[in-house]
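Undergrad: Here you go, one structure.
The values are calculated or read from the model by the stated rules, or taken from the named source; none is laboratory data. Just so we're clear, the structure is a prediction, and the values are computed from it rather than from any experiment. Glycine also receives a Cβ, built like all others from the backbone with ideal geometry; neighbour counts cover every protein chain displayed.
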Amino acid sequence: MAEYDSVDFLQLDELLSDEEKLARNTVREFVSREFLPVVQEHIRRDGSFPMELVPTMAELGLFGANLHGYGCAGMNNIAYGLVMQELERGDSGLRSFASVQGGLVMYPIHAYGSDTQKERWLPELAAGRAIGCFGLTEPDFGSHAGGMLTKAERKGDGWVLNGTKRWITNGSLADVAVVWARSRDGIGGFLVERDRPGFETGDMKGKFSLRGSVTSELFLRDVELPEENRLPSAAGLKAPLSCLTQARYGIAWGALGAAMACYDEVVRYTRDRIVQGGPLAGKQLTQEKLADMLTEITKGQLLALRVAQLKDAGKLHHTMVSMAKRNNVDIALQIARQARDLLGANGIVDDYQSMRHMVNLETVRTYEGTHDIHTLILGEHITGMRAL
Amino acid sequence: MKIMVCLKQVPHQDARLDIDSAGTWIQESNIKFEINTYDTYALEEALRAKDEGECEVVVVSIGPDRTTQALRTALGMGADRAVHIKDEEADGSDALGLAKLLAAVAKEESPDTIFTGFMSDDDNFAAVPPMLAELVGLPHTTAAVKVVRGDSSLTVDRETEGGSYEVVELPLPCLVSVQTGINQVRYASLKGIMAAKKKPLDVKSVADLGLSGSVGAGAAKVKIEKIAPPPKGDTAELLEGSTDEVVAGLVTKIKELGLL
């Protein structure tokens, strides 16, 4: 069977540099050769990630690929986006792993950390020898992160943290957690090492979605930290939100990867599947669905590519990332649903991947800013009025 | 220590191949290309030598503009320099013409070892490596499945018919053509791809190599008259009908031929 190839209806490859294409190809090869053969086994286990692939992922440079220095590849944002696209072609859990490590752990240390923190953590995180997680969301505060209850209180020269974080990707795998907590001075970021007394984690089980990813709760009970563990330049909610802009940017590209995986699967399937004397692909209702998929993927690619160019040019506004994340995840989810539909009964078994992408994308739609929150961000941008 | 690796860019294994209007090659527009599979193993073999000690790896390829991507991939995987022989005058070269071009580069570079793939995925000639070695005056062997590096020689296990191996020792400098599966080929890392941007990629013309008039279609002793898809043989039989009928027909045929 022919290898997977991405959609390029508008010959967008012509707009990519050699490096950008090479980055995409090398990650695609890794996903095909090493990730896809093992993904099912992890999905069946629920909440399990193929940790044995982490050294190869690090060697490839997948962690913090768009950051500069400290062992990071220093790629531009188009190449970074293409990398995220290829990872999510494998599974949203694979992309999430890299997104969290790079966009939500390495990025805040890179942007807001002290030199000591950068030197201590960034090379280890880039090399995959240390795993990180990002603790912002709480059981009662998701979209309204500013309402967080986790507290940081001064004690001598240091801090004491108390609170609970939930829906934390890689929480129990993490050697270091970037925990956001409220102090008298406002919201601040803290690096909590795994072995700090009072810091515990537990995994969320029974997930229908993102089963190839570890999702945890973080429990902080009188966790004492020295001042050196506070991110010195992170002041206020703006800091964690800037991290989310990084990760959401990656998601806008990643969702296209999931959409293209479903599209590729269903084009192949409908060509081979004989229904009432002819291929399913030859039926009008099928062709309408396929035409919609191709069109939406292509529009999503244009959106992602332009946002990438603006990001590289330093002209990005977070509302643009909201539009890209909102649109591309939404169309990817619709494409996955349509693909699963066209696969018929076959579509519900894990020999086919569209349903796996579909249920993953249900999560992706409501994480890193829900679809509705991004709607309101755009709504506020248009009207100047903050709606609830 | 210097190792030269010869790479060929060939149509992607999944590319849909259509014959061109002259009937002597395939239509190259709108198909994807990749590094010849055998050559990726040759490159990996060189990169392993580099991992173990001080060694410069120079990759060389002949082809049009698109060949740059193959060379950049090789640089991304860890090669140090690339030489791209790019000249329309080289078009239509036969194996000897290609070997002459590579030999001219080899003479300039004076590598301690030349690794090549055993053959190319598209032409399957397996002729260029021995010709190149002879033109440069190097001892050579083909179809290597294991290479052990010594101080002044290579010990090579080469594949022979029937699954047996022949062990040969070659003094350096020498040329070895490599069989697939000899190693596990690495990926080009993102850091490597970024670093590759800054690595030298020299473009050379036929004239630069002093070979004007002696390579290319005009000088080729072997000319492709025609390429064609495999003809339908007289003995081929196409089974028709529903799946059940086709399967039943196939089983009957296998029994008739005494294959079961």
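Undergrad: For A:VAL54, state whether it is within 11 Å of chain B (Cβ to nearest Cβ) and touching a residue at least 12 places away in the same chain (Cβ under 8 Å).
TA: So A:VAL54 does not fit the description; no.
Listed here are the residues, each with its yes/no results for (1) free of Cβ contacts under 8 Å to residues at least 40 places away in the same chain; (2) under 19 Å from B:GLY63 (Cα atoms); (3) in contact with a Leu (Cβ under 9 Å, 6 or more places away or on another chain); (4) among the aliphatic types (A, V, I, L, M).
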site: B:GLY117; (1), (2), (3), (4): no, yes, yes, no
site: B:VAL136; (1), (2), (3), (4): yes, no, yes, yes
site: B:VAL147; (1), (2), (3), (4): no, no, yes, yes
site: B:VAL156; (1), (2), (3), (4): yes, no, yes, yes
site: B:GLU166; (1), (2), (3), (4): yes, no, no, no
site: B:LEU172; (1), (2), (3), (4): no, no, yes, yes
site: B:VAL176; (1), (2), (3), (4): no, no, yes, yes
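Undergrad: Here is a follow-up. Condition (residue is outside any helix (DSSP H, G or I), at negative phi and over 21 Å from the mean Cα position of the chain (by Cα)) applied to the stretch A:67-82: is it met by at least one residue?
TA: To start, the set of residues in the stretch A:67-82 that are outside any helix (DSSP H, G or I) comprises A:67-76.
Filter once more, keeping what is at negative phi: A:67-68, A:72-73, A:75-76.
Narrowing the set further to residues that are over 21 Å from the mean Cα position of the chain (by Cα) leaves none.
Within the stretch A:67-82, none of the residues are outside any helix (DSSP H, G or I), at negative phi and over 21 Å from the mean Cα position of the chain (by Cα).
Undergrad: Let me ask something additional. Is it true that some residue in the stretch A:348-355 is over 16 Å from the mean Cα position of the chain (by Cα), loosely packed, with under 14 Cβ neighbours inside 10 Å and either among the charged types (D, E, K, R) or closer than 24 Å to A:GLY103 by Cα (or both)? Give the derivation first.
TA: Step one: of the stretch A:348-355, the residues over 16 Å from the mean Cα position of the chain (by Cα) are A:348-355.
Remaining after also requiring loosely packed, with under 14 Cβ neighbours inside 10 Å: A:348-351.
In the following step, the residues that additionally are either among the charged types (D, E, K, R) or closer than 24 Å to A:GLY103 by Cα (or both) were identified as A:350-351.
Yes, the stretch A:348-355 has at least one match.
Undergrad: With respect to B:LEU101, is the statement that it is in contact with a Gly (Cβ under 9 Å, 6 or more places away or on another chain) and either touching a residue at least 60 places away in the same chain (Cβ under 8 Å) or not in a strand (DSSP E or B) (or both) true? Show your work before the answer.
TA: Working: in contact with a Gly (Cβ under 9 Å, 6 or more places away or on another chain): no; either touching a residue at least 60 places away in the same chain (Cβ under 8 Å) or not in a strand (DSSP E or B) (or both): yes.
No; evaluated as a whole, the condition is false for this residue.
Undergrad: I need a count of the residues in the stretch A:180-211 that are among the hydrophobic types (A, V, I, L, M, F, W, C) and within 14 Å of A:CYS133 (Cβ to Cβ).
TA: Taking the stretch A:180-211 and keeping what is among the hydrophobic types (A, V, I, L, M, F, W, C), we get A:180-181, A:187, A:190-192, A:199, A:204, A:208, A:210.
Next cut, within 14 Å of A:CYS133 (Cβ to Cβ) only: A:180, A:190-192, A:199, A:204.
The total comes to 6.
Undergrad: Can you tell me which residue is surrounded by the most Cβ atoms within 10 Å (Cβ to Cβ) among those in the stretch A:14-39 that are among the small types (Gly, Ala, Ser) and within 10 Å of another protein chain (Cβ to nearest Cβ)? It would help to see each step written out before you state the result.
TA: Start the filter on the stretch A:14-39 by keeping residues that are among the small types (Gly, Ala, Ser), which leaves A:17, A:23, A:32.
Subset that is within 10 Å of another protein chain (Cβ to nearest Cβ): A:17, A:23.
Values: A:SER17: 13, A:ALA23: 32.
Once the filter is applied, the top-ranked residue is A:ALA23.
Undergrad: Can you name the strands (runs of 3 or more DSSP E) wholly within the stretch B:1-96 that have at least 3 residues being aliphatic (A, V, I, L, M) and away from every other protein chain (no Cβ under 14 Å)?
TA: On the way: elements: B:2-7, B:9-11, B:33-35, B:56-62, B:81-85.
Here the list reads B:2-7, B:56-62.
Undergrad: Whether any residue in the stretch A:221-239 is within 19 Å of A:TRP167 (Cβ to Cβ), hydrophobic (A, V, I, L, M, F, W, C) and assigned to a strand (DSSP E or B) is what I want to check.
TA: Checking the stretch A:221-239: not a single residue is within 19 Å of A:TRP167 (Cβ to Cβ), hydrophobic (A, V, I, L, M, F, W, C) and assigned to a strand (DSSP E or B).
Undergrad: Against the definition (within 26 Å of A:SER17 (Cα to Cα) and touching a strand residue (DSSP E or B) at 6+ places or on another chain (Cβ under 8 Å)), how does B:ALA49 come out, yes or no?
TA: Values: within 26 Å of A:SER17 (Cα to Cα): no; touching a strand residue (DSSP E or B) at 6+ places or on another chain (Cβ under 8 Å): yes.
No: the conditions fail for B:ALA49.
Undergrad: Inside the stretch B:141-260, counting only strands (runs of 3 or more DSSP E) that do not spill past its ends, which hold 2 or more residues that are acidic (Asp, Glu) and away from chain A (no Cβ under 14 Å)? Give the derivation first.
TA: On the way: elements: B:153-159, B:165-171, B:174-178, B:201-204.
In the stretch B:141-260, the matching strands (runs of 3 or more DSSP E) lie at B:153-159, B:165-171.
Undergrad: Out of the residues in the stretch A:84-100 that are within 14 Å of chain B (Cβ to nearest Cβ) and within 14 Å of A:THR169 (Cβ to Cβ), which is surrounded by the fewest Cβ atoms within 10 Å (Cβ to Cβ)?
TA: Ranking the qualifying residues of the stretch A:84-100, first place goes to A:ALA98.
Undergrad: Within the stretch A:286-388, considering only helices (runs of 4 or more DSSP H) that don't extend past its boundaries, which have at least 2 residues that are out of contact with any helix residue (DSSP H, G or I) (no Cβ under 9 Å at 6 or more places or on another chain)? First the steps, then the outcome.
TA: Working: elements: A:318-342, A:354-366, A:371-383.
By residue number, A:371-383.
Undergrad: Conditions first: (1) in a loop (DSSP other than H, G, I, E, B); (2) over 18 Å from B:ALA103 (Cα atoms). B:ALA126 passes all but one, so which condition is the exception?
TA: Of everything listed in (1) in a loop (DSSP other than H, G, I, E, B); (2) over 18 Å from B:ALA103 (Cα atoms), B:ALA126 misses just condition (2).
Undergrad: Scan the stretch B:209-249 residue by residue and report those that are surrounded by 12 or more Cβ atoms within 10 Å (Cβ to Cβ) and out of contact with any helix residue (DSSP H, G or I) (no Cβ under 9 Å at 6 or more places or on another chain).
TA: Matches in the stretch B:209-249: B:ILE224, B:ILE227, B:VAL246, B:VAL247, B:ALA248, B:GLY249.
Undergrad: Looking at A:GLY188, A:GLY158, A:GLY163, which is the one that is outside the structural domain of A:SER92 (by TED's automatic domain parsing), surrounded by fewer than 20 Cβ atoms within 10 Å (Cβ to Cβ) and either under 23 Å from A:GLY102 (Cα atoms) or at pLDDT 95 or above (or both)?
TA: On the way: A:GLY188 fails: surrounded by fewer than 20 Cβ atoms within 10 Å (Cβ to Cβ); A:GLY163 fails: surrounded by fewer than 20 Cβ atoms within 10 Å (Cβ to Cβ).
Checking each option against the conditions leaves just A:GLY158.
Undergrad: Also: From the list A:LEU294, A:LEU378, A:LEU290, which one is under 22 Å from the mean Cα position of the chain (by Cα) and either surrounded by 13 or more Cβ atoms within 10 Å (Cβ to Cβ) or modelled with pLDDT under 95 (or both)? Outline the logic, then answer.
TA: Details: A:LEU294 fails: under 22 Å from the mean Cα position of the chain (by Cα); A:LEU290 fails: under 22 Å from the mean Cα position of the chain (by Cα).
Answer to the selection: A:LEU378.
Undergrad: Next question. Give the number of residues within the stretch A:62-83 that are touching a residue at least 40 places away in the same chain (Cβ under 8 Å), farther than 19 Å from A:GLY257 by Cβ and within 7 Å of another protein chain (Cβ to nearest Cβ).
TA: 0
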